Amino acid sequence: MIFSFLLPLVLMILSPPSAPGSTWSCLSECVCGQDGQVNCSGRELHSVPMILDPSVQVLLLDHNHMDFLPPGAFALLPRLLSLELQDNGLQRIHVHAFWGLEVLKSLDLSSNALQALEPGTFRPLRALHTLSLAGNRLMRLEPTWLGPLPLLQNLNLQNNLLSSMGSRVLERLPALRILNLHGNPWVCDCTISSLCRWLQSHAHQVPGAESLLCVSPDRLTLRPMAAITEASFNYCTHLLTPWDLVVIIMIGPFSFLASLVCCFIFGSVVTAFQARRKNRSVRCYPVKRPIPQTLGLGDSSKNPTTNFPTLPSL
Ligand SMILES: *[C@@H]1O[C@H](CO)[C@@H](O)[C@H](O)[C@H]1NC(C)=O
């Protein structure tokens, strides 16, 4: 794995610096134009061809059979501006596949078989303006799968299997101007409330926003997503989260234990206090004891100490 990632880098270091089209002769299976375009479209390719011309700006790899993009697949093409990979049956993209494509502006991954993306796959693409993931099999989209893409203006998610999407996906795309969401089976339950809210305030950025329809639940089937009012999601805030349930279940035993502990502490304090008082009063008895008359120290009636109640002799 590491070798496949390092190989393009080693080759890049070893290969002599070349002026556009000078030392590098075009791959036999591709057509190379003078304008930095390499056309490998529809050439029955099963893997990314090794292109050793760092001046290439446009690479057409569409309509081939590449089901996997390995790490560093385009690391030798630092000036690439446009990359077309549509119609390849692409199933997996290595998280480092787009390493080194720092000036890439346009990436077309449409009409493939992608079900998921690894977090950070697009992170090297700091200059990306246009991204198409249309016509794949994405069932969900996590915020870390796409962003952050600071310059992305145009995102196409048409014709996937998306049933919901959090607004946090869009928060990581601050420059977004056009978002295509058609052809997805949107489920208009609580998880979609933030997307509906976003649609209402950004309808001008979503072509045909008014015709995005819910496929379920029954009561909202075929309702336009952008027309669902905030009130329709009121019930969502009253739903119990799993954490709420845990808290509720724990309150009973916990309060029982807590009251036991309180009783124990209170009981201990009272007992200790009483024992201490008893101790002290036992210590005091000899002082308060009337002087026995048998000692013959005078008239007992004149002795104020005899006014104390008579204690049983010890
Ligand atoms: C690329 O090559 C294919 C097949 O030769 C051709 O049909 C297509 O028009 C070419 N694309 C461009 C943009 O030159």
Given a 1.4 angstrom probe, I'd like the percentage of the accessible area of region 27-185 that is carbon and sulfur, rounded to a whole number. 49
The farthest towards the positive end of the charge dipole of region 27-185, of the residues Q91, L52, I178, given +1 on Cβ of Lys and Arg and -1 on Cβ of Asp and Glu, is I178
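With a Förster radius of 30 Å, plug the Cβ-Cβ distance of T221 and S201 into 1/(1 + (r/R0)^6) and report the FRET value to the nearest 0.05. Intermediate values should be presented prior to the final figure.
Working: r = 24 Å, r/R0 = 0.81.
So the FRET efficiency works out to roughly 0.80.
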Order by accessible surface, 1.4 Å probe, largest leading, for residues D189, D53 comes to D189, D53
Could you check the spin-label model distance between S259 and A113? Points 7 Å from the Cα along Cα→Cβ, value in nm. 6.3
Not counting ligands, DNA or RNA, and with a 1.4 Å probe, what is V215's accessible surface area in Å² rounded to the nearest 10? 80
If you roll a 1.4 Å probe over the heavy atoms of the protein chains, what accessible area per residue do you get for region 27-185, in Å²? 41
Which residues does a label at M50 reach in region 24-40, if reach means a backbone N under 20 Å from a point 7 Å past the Cα toward the Cβ? 24-32, 38-40
Full extension between S28 and S167 adds, at 0.36 nm per residue less the Cα distance, a length in nm of 45.4 nm
Rounded to the nearest 10 Å², the accessible area of K278 at probe 1.4 Å: 150
So, in nm, how far is label S211 from label A127 when the simple model puts each one 7 Å beyond its Cα toward the Cβ? 3.6
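From the protein chains alone at 1.4 Å, what is the descending order of accessible area for E44, E29, largest first? Please list the in-between numbers first.
Working: E44 125, E29 70 Å².
Largest accessible area first, the list is E44, E29.
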Using a simple spin-label model with points 7 Å from Cα along the Cα→Cβ vector, what separation in nm is obtained for A272 and S232? 6.3
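The values are calculated or read from the model by the stated rules, or taken from the named source; none is laboratory data. No experiment lies behind these values; they were computed from the predicted model shown. Cβ sites come from the backbone with ideal geometry, for glycine too, and all protein chains shown count toward neighbours. Ligands, DNA and RNA are excluded from the accessible area calculation, which covers all protein heavy atoms including side chains. Shrake-Rupley method; radii C 1.70, N 1.55, O 1.52, S 1.80 Å.
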